[in-house]
Structures are given as structure tokens and as C-alpha cells.
Amino acid sequence: MADRDDVAHLLRRATFGPTAAEVDAAERAGMLPTIDRLLGGGPPDRGATATPPPRLGPDPYAALPQRPSREQRQAANRQRNSQVDQVLAWWVDRMVAAEHQLAEKLIFFWHGHWATSAQKVKSAQLMFGQLETFRRHGSGSFGALTAAMVRDPALILWLDGQKNTRKAPNENLARELMELFVLGIGNYTEDDVKAGARALTGWTIDRRTGGARFAARRHDPTDKTILGRTAPFTAESYAQLLSDQPAAATFLTNRLWFRFAGTDPAPALRATTDVPTALRRVLTAPEFADTRNQLVKQPVEWAVGAMRQLGVSPGDLDDKRRRQLRAGLTGMDQVPLRPPSVGGWPAGAAWLTTSSLQARMRLADLFAGAMSPAVARRLAAAPPKGRLDALARLLVVDRWTERSRRALDPLSGDPRRLVAAALVSPEYTVC
């Protein structure tokens, strides 16, 4: 059997938040078989099947006349916002319900990496389509994902790719591909950015279908010199060139370490652009064990993990509580589908602000009040002197500090208040 603290640490990083039963199973199976299972997926995901995506229908803007009135545009915008909210609610529900937790967490990782916001894209269909791109390609080759993303309609709109023509190259997408998405700062020149923009010319968005479409007359077919190579690069061959660079493998491995292990510099891991291999190297690195209690949970990770452990299904919450959940994520400054910039969300102590703590406390009270009767009964059944240990097991906290014990112990007689206080403790917030 594996050491329980070790497998708990692994699962806290590789899932949104493990349940006690999942830690029990991993402890029996051992570390390496558990990593194999996390990366392999396993049998069909019953939780995902039970949370099918919403039926959105077409983008309301597709039905607008050529010259819509102000009222027609306003009505279409209201419908669009409602559709985006449907996708957001569905995705949070799926994060909680999914049994293939690492696969789902990888999608959230890619969403923060290729940060694209509905604030500008507006279309729920395009945002959902991008999530499906992450689902199809995010657990395989980084090169295949990059090739898919340069043709992703949401990303093209987000970075003004539809404005990129042979007569007026727009450098936004090319610059962010190199700087933030594939290579990292210092691995390209300004001339590479300009030539890359020319390679990406010609892609537009079909307003009626929402799909990306290549317009050959807008594309620059001439030779471009990028990263020392000269060829008539297209979006596809440009994406391939970037993902074939040794810097891409190092960049990917370091990004995975940053999000799954710790914000300190990554150790000298053997870099690769195969995502499962890179993840395996992160999770099995000797230094990974030393990152325990160094990573502040992102608000979405914190909220989804708490709901998983307390048996709360966000889809079953009443309208008032669903609005409170959305308001809580907003108050903590992390709402899926709405990253603040192309750089994605921050990390570490940036999440530990006074305002975010207040929002976290309100959500903690919401989750504690909505915890499943079975979870509440198990906690209430623990003897008073052992209730804090039962709570630590429930929330997959290795152990409470003496300071936290002194703060939590007076609440032992009230399971709801006890759980709410524990969810905002340092031991739960930092993993």
C-alpha cells in the first residue's frame, strides 16, 4: 500500500479535489498504478454522461437581418449572455461530476493557457467549441493541439485573427502564439512575429455557422522566414514549425509544472511535447513530493473540490443558490469562460485578497448548508473528540495545525459551521 499522505498529495494536484473514497482506492492501488489510471482514463465516465452539454441552438446573431435595429441587437445580446451562462453552469456541473478528473482538470488548464474570454467572443457556441477542442486534443500531442488552435474560431476572434489580411497583417495571434502559448519569451524575434502574422492571414469566421473559414484571397502565399526557416508558411505549417521547436517542449513541461506542482522554477525534467508523458514526468519527479503545501488552490479548484467532497451537485441547487455560486466565483475573481486577459489567471498569493476571502467565506457557508445528508450524517456520527480528524479525512487534509484545531474545536457541535470554517482554513486553501 502507498503512503496515504503521498497519494492524497497526488490527487489534490491531479484532480479538482479528491474524495476520501478516492484516496482510499489510491492508497490500496499504489502511486504508479494510480498515475496510470489518472492518465489512462479508464472505463466510460458515468459522471460526464450524467451531465450532457446544454442544447444551445444557433447563435442569436446568425438570425439578425443585414441591418438590425437597436432592439434586435439588444435582444440577441441577452440571448447570447443566457447561452454563455448555460455553458458555464454545465461546465462547473461537469467538473464536479466527472470521474475522469485529470482529463477534466486538463481542460481547465488549457482554458487558462489558451485564455479566451466570452467577454469579447460573446458566442456560447464558439466557447463551447473551444472546450471540445481541448477535450479532443488536450490529452495528446501539443503539436496537434496547436494546429487545432490556430483554426479555432473563438481564439481567432479573441485575438483579431479575422482582421489579419495580406494587405494589413495583424500580429496579435502570432505574437501570443509565440510568447504565451507555445514558445515563451526569448525564443523568437520581432521579425518572427511579423512573418508569423503573414502565415496566419486569410482565416475568417462565418457569421452564420460560427466556423472558421479560409479565404485564399486574403492570405499571403509568399515565402516567410520564421525561426530561421524560409517557406510559404500557412497557418498549419507555421503551427507545426512552432511545436517542433525544442523550446516548445521545455515551455509545455514548465507550464504543467507551474500549474500542477508549484510556482517555484521547475526541476530539470526531460522535456517533451507529448502531454501525457510530460504530465507523468511532473507527477513522478522526486521534487514533486516536496511541493506539498506550496500551491494556493485556484478559486474554481477550491469550489469544485469542496462540492465534490461534500456531495454537492451544482446542477441540483435551486436558482438562488446557483446565483450565489456564480456571485461567489465572481467575487473570487475566477469565472470560467471569462479569464481576465490573454495571459490567463494569476497564481499563488494573488488569490489571497481580503475581498476574495469574503467571497470564499460566503461560498463555504453555501456549500456547508448544501452538503449531502449522507456526508452530514457521517460527520455527525464521529465522536466529539474525533470529529476534527473525521473532518480532515472528509476534506482530504493531511492534518490540522494546533492553531486551526483551536479555532475549529469550539464548532465541533455544529457540523455546518464546522465545515464552513474548515473550507477557509489555510490547510484547505493551500495544498
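The values are calculated or read from the model by the stated rules, or taken from the named source; none is laboratory data. Quick caveat: nothing in here was measured; it's all calculated off a predicted structure. Note: ideal-geometry Cβ built from the backbone for every residue, glycine included; neighbour counts use all protein chains shown.
Structure values in brief
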{"read-out": "Every residue from the range 25-65 that is among the small types (G, A, S), within 28 Å of D3 (Cβ to Cβ) and in contact (Cβ under 8 Å) with a residue 40 or more places away in the chain", "value": "G41, G42, G47"}
{"read-out": "Those residues of the range 1-21 which are touching a residue at least 12 places away in the same chain (Cβ under 8 Å), out of contact with any Pro (no Cβ under 6 Å at 6 or more places or on another chain) and in a helix (DSSP H, G or I), in sequence order", "value": "R4, D5, D6, V7, A8, H9, L10, R12, R13, A14, A20"}
{"read-out": "Any chance R338 is under 26 Å from the mean Cα position of the chain (by Cα) and part of a helix (DSSP H, G or I)", "value": "no"}
{"read-out": "Top-ranked residue of the range 384-415 - restricted to ones that are in a helix (DSSP H, G or I) and within 29 Å of the chain's Cα centre (by Cα), ranked as surrounded by the most Cβ atoms within 10 Å (Cβ to Cβ)", "value": "L391"}
{"read-out": "Single condition R377 does not satisfy, out of (1) part of a helix (DSSP H, G or I); (2) touching a residue at least 12 places away in the same chain (Cβ under 8 Å)", "value": "(2)"}
{"read-out": "Residue under evaluation K297, criteria (1) over 19 Å from the mean Cα position of the chain (by Cα); (2) modelled with pLDDT of 95 or more, criterion not met", "value": "(1)"}
{"read-out": "Selection from the range 349-364 of residues that are out of contact with any Leu (no Cβ under 9 Å at 6 or more places or on another chain) and either part of a helix (DSSP H, G or I) or within 24 Å of D316 (Cα to Cα) (or both)", "value": "A349, A350, W351, T354, S355, S356, L357, Q358, R362"}
{"read-out": "Number of positions in the range 201-243 that are touching a Ser or Thr at 6+ places or on another chain (Cβ under 8 Å), of a type in the set (D, E, K, R), outside any loop (DSSP other than H, G, I, E, B) and more than 30 Å from L64 (Cα to Cα)", "value": "1"}
{"read-out": "Index of the failed condition, G305 passing every other in (1) surrounded by fewer than 18 Cβ atoms within 10 Å (Cβ to Cβ); (2) assigned to a helix (DSSP H, G or I)", "value": "(1)"}
{"read-out": "Subset of the range 24-53 (residues that are over 22 Å from the mean Cα position of the chain (by Cα) and at pLDDT 95 or above)", "value": "D24, A25, A26, E27, R28, A29, G30, M31, L32, P33"}
{"read-out": "Candidate set: the range 58-111, residues that are of a type in the set (G, A, S) and modelled with pLDDT of 95 or more; chosen: the one surrounded by the most Cβ atoms within 10 Å (Cβ to Cβ)", "value": "A98"}
